[in-house]
Amino acid sequence: MKARIVLPVLVMSLVAACATLPSENATLPEAAVQGLGDSGRYAILNTSYAFATPANLAQRPVDSALAIAQAEYLAVDLTSNQRWREFSPIIAQGFLQARSEWRAAAGIAQDAPPQPVIGALFVARDGMLRGDTGGAAGALSAPIFVGGGEATLRRLSSLPYLPRTAAAARGAENELTRMQMAPDE
């Protein structure tokens, strides 16, 4: 009798859990590949390096913008792209949980959709690379960037250590390495 009740409850719980996963999509611009031809792999490797220690991003707002944009991308892609199905689901959950940490540090609205965040960070990054600080600041406007462009650029120049973000990125790199080292079947 209990088995008849438990099984439907278990199935309903699993369906409800799947319904809470994000159904959003995110892409990175072509410039995100940096000659590697694989934006997902590069995002994993770069975020793992960038967030490993604050010194890697200190006074480097261009690199901070790239790393945060890639983390935003990975929070979606690791959850929704079948390419990463061999990754432990803990990795995608780690990025989703760390999102509030990097958003708070950079001054990004917690409820902002990821694609506009990614797009604005890349526009700002391109502006900074061209030496157009005003254009970069203009790309980082409210309501997505709660303090506005100038404040966001200052935050990107001095990100604190983000332990949850670093752990998620390191975990993704470990999974990528494990997946690449696995023998072909």
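The values are calculated or read from the model by the stated rules, or taken from the named source; none is laboratory data. Keep in mind that what you see is a predicted model, and the values were worked out from it rather than measured. In this analysis, Cβ positions are derived from the backbone assuming ideal geometry, glycine residues included, and neighbour counts consider all displayed protein chains.
Things to note:
- Reported count of residues in region 107-124, each being crowded, with 18+ Cβ neighbours inside 10 Å and over 18 Å from Leu74 (Cβ atoms), is 2.
- In region 51-74, the residues that are under 16 Å from Ala168 (Cβ atoms), hydrophobic (A, V, I, L, M, F, W, C) and surrounded by 24 or more Cβ atoms within 10 Å (Cβ to Cβ): Phe51, Leu57, Ala67, Ile68, Ala69, Ala71, Leu74
- Residues that are in contact with a strand residue (DSSP E or B) (Cβ under 8 Å, 6 or more places away or on another chain) and buried (at least 18 other Cβ atoms within 10 Å of the Cβ) are absent from region 91-98.
- For first residues located in region 49-71 and among the hydroxyl-bearing types (Ser, Thr, Tyr), partners that are crowded, with 24+ Cβ neighbours inside 10 Å and in a loop (DSSP other than H, G, I, E, B) and lie 6+ apart or on another chain with Cβ distances below 6 Å form the pairs Ser64/Leu57.
- Conditions (1) over 18 Å from Pro160 (Cβ atoms); (2) surrounded by 15 or more Cβ atoms within 10 Å (Cβ to Cβ); (3) of a type in the set (Lys, Arg); number of the one not met by Arg85: (2)
- Among all positions in region 70-86, there is at least one residue which is modelled with pLDDT of 95 or more, in contact with a helix residue (DSSP H, G or I) (Cβ under 9 Å, 6 or more places away or on another chain) and small (Gly, Ala, Ser).
- Candidate set: region 74-109, residues that are more than 20 Å from Met179 (Cα to Cα) and not hydrophobic (A, V, I, L, M, F, W, C); chosen: the one nearest to the chain's Cα centre (by Cα): Arg99
- Count of region 138-149 residues which are touching a helix residue (DSSP H, G or I) at 6+ places or on another chain (Cβ under 7 Å) and assigned to a loop (DSSP other than H, G, I, E, B): 3
- Flag set for Ala104, criterion: surrounded by fewer than 16 Cβ atoms within 10 Å (Cβ to Cβ), part of a helix (DSSP H, G or I) and at pLDDT 95 or above.
- Residue check for Ala75: under 19 Å from Ala166 (Cβ atoms) and not β-branched (Val, Ile, Thr): yes
- Options Ala172, Ala168; residue that is touching a Phe, Trp or Tyr at 6+ places or on another chain (Cβ under 7 Å), part of a helix (DSSP H, G or I) and either over 21 Å from Pro61 (Cβ atoms) or not polar (S, T, N, Q) (or both): Ala168
- Any hit, region 76-85, residues being closer than 16 Å to Ala52 by Cα and not β-branched (Val, Ile, Thr): no
- Unique residue being farther than 12 Å from Leu28 by Cβ and either in a helix (DSSP H, G or I) or at pLDDT 95 or above (or both) when the list is Gly135, Gly119, Gly40: Gly135
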